[in-house]
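See below for the structure under consideration.
No lab work stands behind these numbers, since they all come straight from the coordinates. Bear in mind the structure is a predicted one, so any value in this text is a computation, not a measurement. Cβ coordinates were reconstructed from backbone atoms using ideal geometry, including for glycine residues, and neighbour counts include every protein chain displayed.
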Amino acid sequence: MGLYRKRKKMIRSSVSCRIITVLAAILEISATKHWYVTENGRIQPQHDSVFDMRRPYDLLGFLEQEKRRETANAIYKKISRKEVSIDNQFVGLSIADAENSNSDCFLWDKSLDIDVHASLIIDYRLKDGIDQTDYMLYNVVANSKQTVPDCQRTFPLDFSIYTFEHLKAMQNRKNLTQYEELDLMKYLPLNTDLNQFGHQLAYSLSRNNTSWIYLNLASIYWRIKGNAYNALECSRRAIVCAPRQYRDIPLLTTAGILHAARYSGEAAIILHAAIDHNPTESYHHLALGHVYTSLGDFDRSAACYDNCLKLAPDTLEAKQMKYAILCHRSLETSLLLFDQRLRNVLTEIHAYHDWKEEWFKLYEHMLWEQNIKSTTREIKLAFAREQNLHLLAINPVERSIHRIDNNIVLSYTDLGDRKKIAEKMLQNVHVSLHLLKNLQKQVKERNNHIAKDMIPELNVEYNHLFASPTKSPKYHNIEIKKGNEDFEADHWPKISDCDGSMLLFGDGRQYLPIYLSPENKGYATHLFVNELIDIEPWKKHPLPWHPPICQSPKSFNKKYITHTLLDASVQQHSPDTSLKPFLHNLVQSADLAEIGQRILTATEAKVAAPWVLSMLASLHWRIVGKSRLALDCLQLALDNVPKEFMDVPLVSIASMHHKMGLIDDAFRITDEALQINAVEPMTNFLLGILLNIKGNYTGAIHYLKQALRVDSHLYDGRTLMLLKTLACREKFNVITGNRPGMY
């Protein structure tokens, strides 16, 4: 009986082996991946294998599991290829390409902010055949009542075939409005009184009501006044009265009125008529170019500017506007190409997410069919759902796979962040395309728009756009000159200035925290802790919040961060609360703990220059009273700061020396910071404070004045109060009582 059972068991094992062998051959299952032979000769699935089924007897379920595995592997390969494709596209996806391809447009050193509604008329004095006596006005009787030119009364005109009565603007001229064209005053004699000019013109028209020159001058008068209706009535009559060889002049005036009234299309019609009368007048082509520019017809406007330059090669406005048109074309082409590339990336990202969802459903189903505990299954599913930056792999020996807590994980960057970035960039491109329609400001506005609003890619090395300043420095490093402030006077201060209530404190030697902000150098630090970490200023940073602890440096620069300073900072825990505004100005609605977390998030995401983020972290620690941790951050800033901005961390380090009573080191470091940039008012202020402590009162007063010459309201007026305190003491030996708590 025992022999029979043993033989039956061997037969069953043999049959099982044959079934498994056949299935492996049919399904191309690798035994080394999913199966192993036990010590007693049994073939069993690997514990982590998808073929370790909870219902091993279900052949159909086994076959379905194999189909799911094959489908999942096929999707995985698609995702892998898709990621490579997206990576390749995203690496070169930068608005900087558009800027580099149009660098001349961004570096153009002449203003392109030309008003395409600029007032243009022709100076009669430059026209051949017009005698000086033709435009000389009659002298009026002294002390006569002032009048204004009334073209309708002096020259009745209901209709004329020469005045474009069919145009809608002409038919509706009583309702036209325009701005005051004060620029036209330059065409009148120097120091002309406009009211007196109008009075004299009205009298001249009463003497000669058919003078086309007087009528045209009256139209100009009303344009300066901003009265489109009266200006048109005068220019209509000027057109009728003008000889054919001069009719283009009042036609240009009429077109200017309609253009100023925002009837640019009808102004173009009249300008074409002016060109027909006098095709060699460059002003007509320039004005027509402006009109077509405002209408957005850049091909025609460029042709008009070309015609103007052929007739008058030195016309600067035409040169600049033609250049702006060419820039517009090039920039628009670059932006449209960039827009299409963004759309392609977004399409691929959407396809990637669809495949990822499909893969996850298959993975979930395969886990359900596996022979694992329900708790383990739920843990794996939950783990898979929470992996925003990973995909779980199907095959446990696939390449690039590693284990995390016994879970098989394939390192795989999620493109969710990139999707957000691409969509944000697409929005910015659309805004830029819209801005390009406004040619008056198109180069400058687009440049500012890209520097302030473009969001760099997260979770990669910081974008070069924010590695450098994105705006002009707050204070340009040029020679400081004396101003007109009271303290510049030789007799300052007076004894009345030295009233005790107007002075700050006794000897001016109390510690005052000084911080030189990277904002002064042109870094938009508020962006670093708000938009660039994808959290708007009015939103709360997700919990938990952690302080921005800087990585401990391997060594400190002993020239600036001395052992004495390090030892003293361990014992010093008083907070520099007066520096709080520097942080709260970054996120006004947030408290200190949240701002600290925002700085930490920005640092980890590498959204900007590391040294700037280290400065923000050091500021946080100074405010909370952790001087030793602040020094860690300041050393990191020293390691990465460009030489031209090294005064930023040096000022903070010098201020901390001052706090610890290390005045000589503080003075030495501040002096070095001043050599890097002699204009920064905070540096001058700190040097003035230190010189006062060292007993050099004359030097202290000098540097305090230097600080106030750059920023007269520095430190909320405390700099001026300190200067007044020292000056009063020097001049009148005025000593005030200490008033603690001011700093």
Per-peptide average of other Cβ atoms within 10 Å, ordering 58-64, 245-251 highest first: 245-251, 58-64
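Restricting to lysines 8 or more places apart or on different chains, can you count the pairs in the range 124-280 with Cα atoms under 21 Å from each other?
Working: Lys127/Lys186; Lys145/Lys225; Lys174/Lys225; Lys186/Lys225.
Step by step, the pairs that qualify in the range 124-280 add up to 4.
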Summing +1 per Lys or Arg and -1 per Asp or Glu among the other residues with Cβ less than 15 Å from Gln245's Cβ gives -3
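Sort 578-586, 303-311 for me by packing, meaning the mean count of neighbouring Cβ atoms within 10 Å per residue, highest on top.
Working: 578-586: 17.1, 303-311: 19.8.
Output ranking for 578-586, 303-311: 303-311, 578-586.
Based on the mean of other Cβ atoms within 10 Å per residue, sort peptides 284-295, 707-718 so the most packed one is first.
Values: 284-295: 25.4, 707-718: 17.1.
Packing order, densest peptide first, comes out as 284-295, 707-718.
Give, in nm to one decimal, the length gained when the segment between Ala593 and Asn73 is fully stretched (0.36 nm per residue of separation minus the Cα-Cα distance). Each step should come with its number before you reach the end.
On the way: separation 520, 0.36 × 520 = 187.20 nm, distance 4.59 nm.
Working it through step by step, the gained length comes to 182.6 nm.
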For Cα pairs less than 8 Å apart in space and 6+ apart in sequence, what is the mean separation divided by the residue count of the range 486-732, i.e. the relative contact order in percent? 25
Can you give me the distance in nm between label points at Tyr697 and Asp58, each placed 7 Å from the Cα along the Cα-to-Cβ direction? 9.6
Quick check: convex hull of the Cα atoms in the range 486-732, volume per residue, rounded to a whole Å³? 128
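Take the Cα radius of gyration of the range 124-280 and divide it by 2.2 N^0.38 Å, with N its residue count; two decimals is plenty. Intermediate results must be reported in sequence, preceding the final value.
Details: Rg = 14.8 Å, N = 157, 2.2 N^0.38 = 15.0 Å.
It is 0.99.
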Over 18 Å (Cα to Cα) - which of Lys77/Lys361; Lys705/Lys731; Lys540/Lys606; Lys78/Lys356 fall in this group: Lys540/Lys606
Using Cα pairs closer than 8 Å and at least 6 residues apart in sequence, work out the relative contact order for the range 124-280, in percent. 25
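Given R₀ = 30 Å, FRET efficiency for Glu479-Leu316 by Cβ-Cβ distance, to 0.05? Kindly include the intermediate steps, with their values, before the conclusion.
On the way: r = 32 Å, r/R0 = 1.06.
The formula returns an efficiency of 0.40 here.
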Using only Cα atoms, locate the centre of the range 322-369 and the centre of the range 569-609, then give the distance between them in Å, rounded to an integer. 36
